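Undergrad: The structure follows.
The values are calculated or read from the model by the stated rules, or taken from the named source; none is laboratory data. Because the structure is a prediction, the values reported are computed rather than measured. Every residue, glycine as well, gets a Cβ built from its backbone with ideal geometry; the counts of neighbours run over all protein chains shown.
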């Protein structure tokens, strides 16, 4: 799973802060160690669920350098480089590749609720980033970008742009889009993946997904689904999916990006589970509900620290 084509469970690593909102790089390293020990085939850093939008550029570099050095090749690491500006996104890609990233992930250029660019500009954007690097690009097709990326357009970019090879599909009816993408793109689609905390994982696996980018709180749970599925035991995968789905659903619908940190803090992996302001903390009752569901499943997060 550590060589191309990358497959399996690649959860998003949360960014760890201390109680004052400063980066906690020692906590960051512990989070990474836990996630690898819990069975992650790879990791993704600086994504939306990493609170990338509250980080200064210098902080992004500190996190990227610290994580890649600490992982030290144990698993491949995807670095998110999303930015509206083509030149900045390309430079982020070069920087990530030089630091040891396996893949760079980005959304199409967007800003706020209304500023978008048309398909030809999106195509040129990804082509320019591809020209700047030699590692694969993962296009994140997510509602947050507010940009329609039809399957024929994604397939065309996969066929025509050298490094565009992976696709994280997390729009409504993701399974149908994955099927269309694979039908249209063929061998140019090296990595059809899903996301959105794995809430549609079984449908997406049935549609041909070979990777999943989940929240970071329980990679071991997702391995219980993915491993039997890829081994040809769909019934066991479905049973595991049904077992873990209440927690997956609670994370996706009730907690959002703070769920992984809440689980890690509860189990002693990290000292502080706060997001960076202005992100509000989880309500106490919501956090308690998350922990209650998780304890029934005995995830590694709640016992990793011993």
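Undergrad: For the structure I just gave you, tell me whether residue 128 is in a helix (DSSP H, G or I), touching a helix residue (DSSP H, G or I) at 6+ places or on another chain (Cβ under 6 Å) and either at pLDDT below 95 or crowded, with 20+ Cβ neighbours inside 10 Å (or both).
TA: No: the conditions fail for residue 128.
Undergrad: For the stretch 96-125, which positions are outside any strand (DSSP E or B) and surrounded by 19 or more Cβ atoms within 10 Å (Cβ to Cβ)?
TA: Those that are outside any strand (DSSP E or B) and surrounded by 19 or more Cβ atoms within 10 Å (Cβ to Cβ): 96, 101, 102, 107, 108, 109, 122, 125.
Undergrad: Picking from 303, 276, 234, 287, which residue would you name as being touching a helix residue (DSSP H, G or I) at 6+ places or on another chain (Cβ under 7 Å), modelled with pLDDT of 95 or more, surrounded by fewer than 16 Cβ atoms within 10 Å (Cβ to Cβ) and over 21 Å from residue 170 (Cβ atoms)?
TA: The conditions single out 276.
Undergrad: Among the listed residues 191, 198, 211, identify the single one that is within 18 Å of the chain's Cα centre (by Cα), at positive phi and in contact (Cβ under 8 Å) with a residue 12 or more places away in the chain.
TA: None of the others qualify; the one that does is 198.
Undergrad: Would you check if residue 90 is outside any strand (DSSP E or B), surrounded by fewer than 15 Cβ atoms within 10 Å (Cβ to Cβ) and either in contact with a strand residue (DSSP E or B) (Cβ under 8 Å, 6 or more places away or on another chain) or in contact (Cβ under 8 Å) with a residue 24 or more places away in the chain (or both)?
TA: Spelling it out, it is not the case that residue 90 is outside any strand (DSSP E or B), surrounded by fewer than 15 Cβ atoms within 10 Å (Cβ to Cβ) and either in contact with a strand residue (DSSP E or B) (Cβ under 8 Å, 6 or more places away or on another chain) or in contact (Cβ under 8 Å) with a residue 24 or more places away in the chain (or both).
Undergrad: Scan the stretch 186-204 for residues that are surrounded by fewer than 24 Cβ atoms within 10 Å (Cβ to Cβ) and in a helix (DSSP H, G or I) and jot them down.
TA: Answer for the stretch 186-204, where residues must be surrounded by fewer than 24 Cβ atoms within 10 Å (Cβ to Cβ) and in a helix (DSSP H, G or I): 186, 187, 188, 196, 202, 203.
Undergrad: Here's something else I'd like to know. Condition first: more than 20 Å from the chain's Cα centre (by Cα), outside any helix (DSSP H, G or I) and farther than 27 Å from residue 189 by Cβ. Can you find one or more residues in the stretch 237-249 that meet it?
TA: Within the stretch 237-249, not a single residue is more than 20 Å from the chain's Cα centre (by Cα), outside any helix (DSSP H, G or I) and farther than 27 Å from residue 189 by Cβ.
Undergrad: Can I ask one more? Determine whether residue 183 is surrounded by fewer than 22 Cβ atoms within 10 Å (Cβ to Cβ), over 16 Å from the mean Cα position of the chain (by Cα) and within 20 Å of residue 78 (Cα to Cα).
TA: The answer is no for residue 183.
Undergrad: Across the stretch 214-231, what is the total count of residues that are in contact with a strand residue (DSSP E or B) (Cβ under 7 Å, 6 or more places away or on another chain), buried (at least 20 other Cβ atoms within 10 Å of the Cβ) and within 15 Å of residue 300 (Cβ to Cβ)?
TA: 5
Undergrad: Could you list, in sequence order, the residues of the stretch 158-174 that are within 21 Å of the chain's Cα centre (by Cα) and either in a strand (DSSP E or B) or surrounded by 19 or more Cβ atoms within 10 Å (Cβ to Cβ) (or both)?
TA: Scanning the stretch 158-174 gives 158, 163, 164, 165, 166, 167, 168, 169, 170, 174.
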